[in-house]
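Chemist: Handing you this structure, nothing more for now.
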Amino acid sequence: SGLTASASTGQIQLNWALTPGASNYNVYRSTTSGAYGAALVTNVSGPTYTDSTVTNGIQYYYVIRANNGIESGNSNEATALPIAAFSLTSVVANSTTALVVTWPATSGASTYDVRYGTATGSYSTTLT
């Protein structure tokens, strides 16, 4: 099915390829890889679903099952970690060639990528 998951603040977007013969899809979610109970949502017409019931900072795992009156087996598993949005606390030029950038810690984040560029909206360089 090619299930993929991408997180943003407070939600996870799922995308998958349509299964020939499927009339709808059931979405399963867990906080433990491979451990799925009842469906999170049923009868999704697909091939996308947005889970907006997530908590930032918690890793989620998903599978989907195609349905045409009989439910298929699990798709591949996809995972995502939503994190809270944050703003920079300050950006200070401490010389003509250096900036000091500070921000508050974000729950669920273990690393940060700092991107910069020479024009608004064009961030081509990443520092990790």
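The values are calculated or read from the model by the stated rules, or taken from the named source; none is laboratory data. Every value quoted in this text rests on a predicted model; they were computed, and no experiment measured them. All Cβ positions, even for glycine, are placed from backbone atoms using ideal geometry, and neighbour counts span all protein chains on display. When the accessible area is computed, the model is the full protein with side chains, heavy atoms only, and any ligands, DNA or RNA have been set aside. Shrake-Rupley method; radii C 1.70, N 1.55, O 1.52, S 1.80 Å.
Chemist: How many residues does the stretch 104-128 hold that are part of a strand (DSSP E or B), open to solvent by less than 60 Å² (accessible area, probe 1.4 Å) and in contact with a strand residue (DSSP E or B) (Cβ under 8 Å, 6 or more places away or on another chain)?
Modeler: Result for the stretch 104-128: 2.
Chemist: Of everything in the stretch 79-103, what is closer than 28 Å to Asp51 by Cα, surrounded by 10 or more Cβ atoms within 10 Å (Cβ to Cβ) and free of Cβ contacts under 8 Å to residues at least 60 places away in the same chain? Give them in sequence order.
Modeler: Across the stretch 79-103, the qualifying residues are Phe86, Leu88, Trp103.
Chemist: Could you tell me which residue of the stretch 43-78 is farthest from Gln13 (Cα to Cα), considering only residues that are loosely packed, with under 14 Cβ neighbours inside 10 Å and β-branched (Val, Ile, Thr)?
Modeler: In this case the residue turns out to be Ile70.
Chemist: Within the stretch 34-48, identify whether any single residue is closer than 15 Å to Leu81 by Cα, in a strand (DSSP E or B) and not aliphatic (A, V, I, L, M), and answer yes or no.
Modeler: no
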